[in-house]
Amino acid sequence: MSFRPVQCLEARRSVRWQGLGGEGLEHLTISATAETVHAEAVVIGARGGTPYGVTYKIACDLDFSVRSFAVSTTDGRGLEMTRRDGAWYDSRRGHLPDFDGCIDIDLAGTPFTNTLPIRRAAWQTGTEHGFTMLYVSFGTFEPSVDAQTYACLGPRLFRYKAADRSFTADLPVDEDGLVMDYPTLFQRL
């Protein structure tokens, strides 16, 4: 599976997604330095009829392994975590050992975090990988562990499956591994 080299992101790239089936919009800027991939975004939307505004920042190694992230709302709630030597630390609560097996994160309300395991793993058509994700709901901002599976269906086409099989989606991605279309949830503008 071939994506553009991460160094192509040194020029900064911005993309937008629109939420489907309601209101919602995300503006993401992704960039790379010699040592780090940076993603920063603003997301507006609604969950259960309640509107929200969220910003997030994610720092990754050049292989898209997450180093740290911060997510916060316009009403003051948020979460900041850092991964060091395979261990996750919350900025307020310290070491959270339940998440130490997680390399990738999944932030609810954004298709971007699907890029992380897609770019990090080695793929060929027919390959399937399971991932243990550090999941953050935009409703509670409490982290939890979430098992997910991705399968490569073809060049730049992946199937996401929740481990409990409650949800499946086929995700076409672009030359940087960014989701183009997330059926029933998001569409790239």
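The values are calculated or read from the model by the stated rules, or taken from the named source; none is laboratory data. Since the model is a prediction, treat every value here as computed from it, not as a measurement. Glycine also receives a Cβ, built like all others from the backbone with ideal geometry; neighbour counts cover every protein chain displayed. Please note that ligands, DNA and RNA were not included when accessible areas were found on the heavy atoms of the full protein model with its side chains. Shrake-Rupley method; radii C 1.70, N 1.55, O 1.52, S 1.80 Å.
Can you confirm whether Gly78 is within 17 Å of the chain's Cα centre (by Cα), at pLDDT below 95 and open to solvent by less than 50 Å² (accessible area, probe 1.4 Å)? When the stated conditions are applied, Gly78 passes them. Which one is farthest from Phe64 (Cα to Cα) among residues in region 29-43 that are touching a residue at least 60 places away in the same chain (Cβ under 8 Å) and β-branched (Val, Ile, Thr)? Top of the filtered list is Val43. Every residue in region 142-166 that is more than 26 Å from Ala70 (Cα to Cα), assigned to a loop (DSSP other than H, G, I, E, B) and out of contact with any Pro (no Cβ under 9 Å at 6 or more places or on another chain), please. Of everything in region 142-166, those that are more than 26 Å from Ala70 (Cα to Cα), assigned to a loop (DSSP other than H, G, I, E, B) and out of contact with any Pro (no Cβ under 9 Å at 6 or more places or on another chain) turn out to be Pro155, Asp164, Arg165, Ser166. Taking region 4-24 as the range and being free of Cβ contacts under 8 Å to residues at least 40 places away in the same chain and at negative phi as the test, the residues that pass are Pro5, Gln7, Glu10, Ala11, Ser14, Glu23. Condition first: farther than 20 Å from Gln18 by Cα and open to solvent by less than 30 Å² (accessible area, probe 1.4 Å). Can you find one or more residues in region 165-185 that meet it? No: region 165-185 contains no residue that is farther than 20 Å from Gln18 by Cα and open to solvent by less than 30 Å² (accessible area, probe 1.4 Å). Every residue in region 1-37 that is within 22 Å of Gly78 (Cα to Cα) and open to solvent by 80 Å² or more (accessible area, probe 1.4 Å), please. Passing the criteria: only Glu23. Selection of first residues in region 162-178 that are on the phi > 0 side of the Ramachandran plot and of second residues that are open to solvent by less than 60 Å² (accessible area, probe 1.4 Å), restricted to Cβ pairs under 7 Å at least 6 apart or on distinct chains, gives the following pairs, ordered by first then second residue: Gly177/Phe3; Gly177/Thr115; Gly177/Ile118; Gly177/Arg119.
If only residues of region 127-164 that are of a type in the set (D, E, K, R) and open to solvent by 50 Å² or more (accessible area, probe 1.4 Å) are counted, the one that is farthest from Ile44 (Cα to Cα) is Glu128. Ser65 satisfies every condition listed in (1) within 18 Å of the chain's Cα centre (by Cα); (2) polar (S, T, N, Q); (3) open to solvent by 20 Å² or more (accessible area, probe 1.4 Å) except (3). In region 102-126, how many residues are surrounded by 12 or more Cβ atoms within 10 Å (Cβ to Cβ) and in a loop (DSSP other than H, G, I, E, B)? Of the residues in region 102-126, 8 are surrounded by 12 or more Cβ atoms within 10 Å (Cβ to Cβ) and in a loop (DSSP other than H, G, I, E, B).
Do we have any residue at all in region 72-81 that's closer than 27 Å to His27 by Cβ, in a loop (DSSP other than H, G, I, E, B) and touching a Ser or Thr at 6+ places or on another chain (Cβ under 9 Å)? For region 72-81, residues closer than 27 Å to His27 by Cβ, in a loop (DSSP other than H, G, I, E, B) and touching a Ser or Thr at 6+ places or on another chain (Cβ under 9 Å): present.
Under the condition of being among the hydroxyl-bearing types (Ser, Thr, Tyr) and either touching a helix residue (DSSP H, G or I) at 6+ places or on another chain (Cβ under 6 Å) or over 13 Å from Val66 (Cα atoms) (or both), the residues counted in region 106-131 number 3.
Of all residues in region 126-157, those satisfying the criterion of being out of contact with any Ser or Thr (no Cβ under 7 Å at 6 or more places or on another chain), touching a residue at least 40 places away in the same chain (Cβ under 8 Å) and either under 22 Å from Glu175 (Cβ atoms) or of a type outside the set (D, E, K, R) (or both) are Leu134, Val136, Phe138, Gly139, Phe141, Pro143, Gln148, Pro155, Arg156.
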